[in-house]
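**Q** Before I ask anything, here is the structure I am working with.
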Amino acid sequence: MKKNILIIGTSSEIAQEYINEVSEKYNIYGISRKKISNIKIIKNILLNQTKDIDQKKLIKLLGKIKFTKIIFFSSDQINYPTSIKKLKNARIFNALAVNSIFPIKFTYFLLENNLINKKAKFIYFSSRSGSITERGKLSHHVPKGNHVYRASKSLLNSFVKNISFEFKKLNYIFVSYHPGWVATKSAKGTMKIKKSVYFFTKFCTSLRKSDSGNFFNFNKKKIPW
């Protein structure tokens, strides 16, 4: 019997490739901010991730499915101007909602409504740019840049660390994950999407309870918070 995976951010290019990779082994359910078409997804729910969760509506849409793996791919990259002063507060709050606040609130929604199995894995796509410790220490770092995106990932990491501590006596796994600099339309990195999915599937297979509460690079090396 196939186990169930819930993917938040099914429109992500990495998510789409991951779905293609694992759909024969798992039942795939999704949540996205925009309509997508992928026959390998059993059900995809459109949800505004900047708004409060309508729990009754969402429970009705999800039914009584229990998920073994919950992956948060969705991210608001935010096309930022040179100065953060030019960004409207509403735009900043939307980025924080999608990148940081919704993932943790949705996690509690799943936990409180018993929509996960006893050994569920929660994987949150973060970014190495969210590491406060590393900021300014790597060779490619430059001053200025996307302050909001970095801060949103730092906030997400803090949430992940806290929730892993809260549920440390149970068998759930909570980790932040940096996929590398992937060649997507928004990031234009150096790692091909297929290669990033290869690393990610390998990472998922390797996860153990002792990994919970950590921030990992795509090669499973720990990144300092």
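**Q** (1) 126; (2) 230; (3) 110: which one is volume of the Cα convex hull per residue in Å³ as calculated from this entry?
**A** (1)
**Q** Determine the dipole magnitude for the range 75-225: charges of +1 sit on the beta-carbon of Lys and Arg, -1 on that of Asp and Glu, nothing else is charged, the reference point is the Cα centre, and the result goes in debye to the nearest 20.
**A** 420 debye
**Q** Just read off the accessible area of TYR149 with the full protein assembly in place, 1.4 Å probe, to the nearest 10 Å².
**A** Per-residue accessible area (TYR149): approximately 30 Å².
**Q** To continue, here is another question. Just from its helices, what would the mean residue ellipticity at 222 nm be for the chain, if runs of 4 or more DSSP H residues each count -39500 (n - 2.57) and the sum is divided by every residue, rounded to the nearest 500 deg cm²/dmol?
**A** -10000 deg cm²/dmol
**Q** Just by accessible area at a 1.4 angstrom probe, what is the order of ARG150, ARG135, ARG33 from largest to smallest?
**A** Sorted by accessible area, descending: ARG33, ARG135, ARG150.
**Q** By how many degrees, between 0 and 90 and to the nearest 10, does the Cα long axis of helix 193-206 differ from the longest principal axis of the chain?
**A** The angle comes out near 60 degrees.
**Q** Next question, about the same structure. Quick one: putting +1 on the C-beta of Lys and Arg, -1 on the C-beta of Asp and Glu, what dipole do you get for the range 31-134 around its Cα centre, in Debye to the nearest 20?
**A** 360 debye
**Q** In whole Hz and in residue order, list the ³J(HN,Hα) couplings for the range 114-123 that follow from phi through the Karplus curve 6.51 cos²θ - 1.76 cosθ + 1.60, θ = phi - 60°; x for Gly and Pro.
**A** The phi angles translate into 6, 9, 9, 8, 6, 10, 5, 10, 10, 10 Hz.
**Q** Using packing as a proxy for protection, rank 206-219, 56-69 so that the peptide with the highest average count of other Cβ atoms within 10 Å comes first.
**A** Ranking the peptides 206-219, 56-69 by packing returns 206-219, 56-69.
**Q** Please compute the per residue accessible area over the range 1-160 with all protein chains in place, 1.4 Å probe, rounded to a whole number of Å².
**A** 55 Å²
**Q** If you roll a 1.4 Å probe over the chain with all protein chains in place, what percent of the accessible area is carbon or sulfur?
**A** 54 percent
**Q** Might you tell me the accessible area per residue for the range 173-225, computed with a 1.4 Å probe and given in Å²?
**A** 52 Å²
**Q** Here's something else I'd like to know. In square angstrom, rounded to the nearest 10, how much accessible surface does GLU166 have for a 1.4 Å probe?
**A** For GLU166, the solvent-accessible surface is approximately 100 Å².
The values are calculated or read from the model by the stated rules, or taken from the named source; none is laboratory data. A quick note: this is a predicted structure, and the numbers were derived from the prediction, not measured. Neighbour counts run over all protein chains shown; Cβ positions are idealised from the backbone, glycine included. These area figures cover heavy atoms from the full protein model, side chains too; ligands, DNA and RNA do not enter into them. Shrake-Rupley method; radii C 1.70, N 1.55, O 1.52, S 1.80 Å.
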